[in-house]
Amino acid sequence: MKIVKAAIAGTLESSDLVVKVSPGDEGLDIIIHSEVYKQFGEQITAVVKETLSAFDITQGEIIVEDKGALDCVIRARVQAAILRGTASETIAWEKL
Amino acid sequence: MYSDQALTFETMDTHNVARREEVARFLTSNGLGIDDDIEQFVVARCHRDLVACAGIAGNTLKCIAVETGWRRTSLGLKVIHEAEVQAIQNGEHQLFLLTTPDNVKAFRGCGFYPLVTLDHRATLMENTPVGIQHYCRKLRAHHRVMAANVGGIVMNANPFTSGHLYLIEQAAKACDWLHVFVVGEDLSAFSFQDRFAMVKEGARHLKTVTVHPGSRYIISRGTFPGYFLKEKQIVNEVYAAIDLILFRQYIAPALNIRQRFVGTEPFCKVTAQYNRAMHHWLEDETIMTDAAVRVNEIPRITDENNLPISASAVRRALKKNDLNTVKRMVPATTMPYLIRWLSHHLFTESDCGLANV
């Protein structure tokens, strides 16, 4: 699946994150900025990638601005941004 | 001391005079002025009092202030976020933010990244860490020409005249390859689509010229709002400088542009000042380490009646429906656009005041 329009989800409050997605022409481009990147960078990247692949997202630019969110929050924000950015009419709830 | 519970956010239109006055007073009490190109303000209120605001001018956030007592809370972050969401609703996803260098750290926490800093006066930030890099990577990949002497022109072409064509031809002669950027902002009498097509067709016979659609990094309202506010006849030097530094630091190196061409400007003060600023910000070796870009001013040509050719002269003639004068000043490729345009539009006063490079 491709990101077809720019979308945003989340806030920059502490323990939350903002996910911005937009269409890209060169595959999947994931950029992660986190206040706790040194400690949890790998884990955050893994959660973002997992969530993207659950939706089969293969193209788009994904920018994550993390303020120390828990995994479940990261997952939720990425999902919300994807749903907005792919303009999916039918939501595959079982994947969420 | 302060409770988040009482906070409400709202978006207000600057056309509403009373509301605009209220924001202007708030900004003044926080040591800021209000810019005329702001269309909307996102404001935060605690009960009835204004406690924070952020202005939206197209794709740029500015005139951002937070009441002193609220400064150590996350209110700044919230109001920036609300403004970003409002801008996205307006259809603007890629945003600029104008601030002073000492505030960069605070806005960095709001998801904005510094692009260009001008001494101690101003910093332009954007809401993506990779925007300019991606843009330059694309330019490099698709348009970089391996030649020793590459030139560049930025034009609005509103509309495309014989003067523009002459400038392109002269510049193309003077270098191995020429990149022409057509200003992308749609604030001129002619739409970007028409202006781009006019330049492309007008330059079709030149084999060493690439015509690029402008981007938000080239004289867009974000980088250079003063350019679009000509009626004031005041160029905001800061904006001109930011636009030119951006060109020298990012765009010129991506395409290996060594010189920039521009027509001499005897009439319009804004453009004349911009030309002067070009010499300073692009050519001066001492102000930054990025390679200098030589500026070549090419004398403007006149038509057969010895009248200087300019886009504004063409627009004035169009307004009078004086097609003979128009024909003397534009290449044949431009005429179909003008005729189509005439049949669709009537000039309004404000159109005539708009940018005309």
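The values are calculated or read from the model by the stated rules, or taken from the named source; none is laboratory data. These numbers come from a predicted model, not from an experiment. When we count neighbours, we look across all protein chains shown, and the Cβ atoms used for this are built from the backbone with ideal geometry, even at glycine. Each accessible area value is taken on the protein alone, full model and side chains, heavy atoms only, with ligands, DNA and RNA left out. Shrake-Rupley method; radii C 1.70, N 1.55, O 1.52, S 1.80 Å.
Listing for the model above:
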read-out	value
Considering residues of the stretch B:56-82 that are at pLDDT 90 or above and closer than 22 Å to B:Ile132 by Cα only, the residue farthest from the chain's Cα centre (by Cα)	B:His81
Complete set of residues in the stretch A:1-25 that are more than 9 Å from every other protein chain (Cβ to nearest Cβ) and in a loop (DSSP other than H, G, I, E, B)	A:Met1, A:Ile3, A:Val4, A:Ser15, A:Asp16, A:Pro23
Subset of the stretch B:291-332 (residues that are polar (S, T, N, Q), without any contact (Cβ under 8 Å) to a residue 60 or more places away in the chain and open to solvent by 30 Å² or more (accessible area, probe 1.4 Å))	B:Thr302, B:Asn305, B:Asn306, B:Asn321, B:Asn324
Failed item, numbered, when B:Asp119 is tested on (1) of a type outside the set (A, V, I, L, M); (2) at positive phi; (3) in contact with a Gly (Cβ under 6 Å, 6 or more places away or on another chain)	(3)
Within the stretch B:96-142, tally of residues that are more than 25 Å from A:Asp66 (Cβ to Cβ) and either in contact with a His (Cβ under 7 Å, 6 or more places away or on another chain) or within 9 Å of chain A (Cβ to nearest Cβ) (or both)	2
Counted residues, the stretch A:29-71 - those being under 12 Å from the mean Cα position of the chain (by Cα) and more than 14 Å from every other protein chain (Cβ to nearest Cβ)	14
Selection within the stretch B:72-95 - farther than 16 Å from A:Lys67 by Cβ, at the interface with chain A (Cβ under 9 Å from one of its Cβ atoms) and β-branched (Val, Ile, Thr)	B:Val85, B:Ile88
Residue in the stretch B:76-83 that is among the basic types (Lys, Arg) and either open to solvent by 60 Å² or more (accessible area, probe 1.4 Å) or touching a Lys or Arg at 6+ places or on another chain (Cβ under 9 Å) (or both) present	no
Helices (runs of 4 or more DSSP H) lying entirely in the stretch B:233-284 (those with 3 or more residues that are open to solvent by 10 Å² or more (accessible area, probe 1.4 Å))	B:237-246, B:269-278
When residues of the stretch A:57-89 are limited to those that are closer than 14 Å to A:Ile30 by Cα and part of a loop (DSSP other than H, G, I, E, B), the one least open to solvent (accessible area, probe 1.4 Å)	A:Ile57
Pairs with Cβ under 6 Å, 6+ apart, first in the stretch B:15-39 and closer than 24 Å to B:Trp70 by Cα, second outside any loop (DSSP other than H, G, I, E, B) and of a type in the set (Phe, Trp, Tyr)	B:Val23/B:Phe41
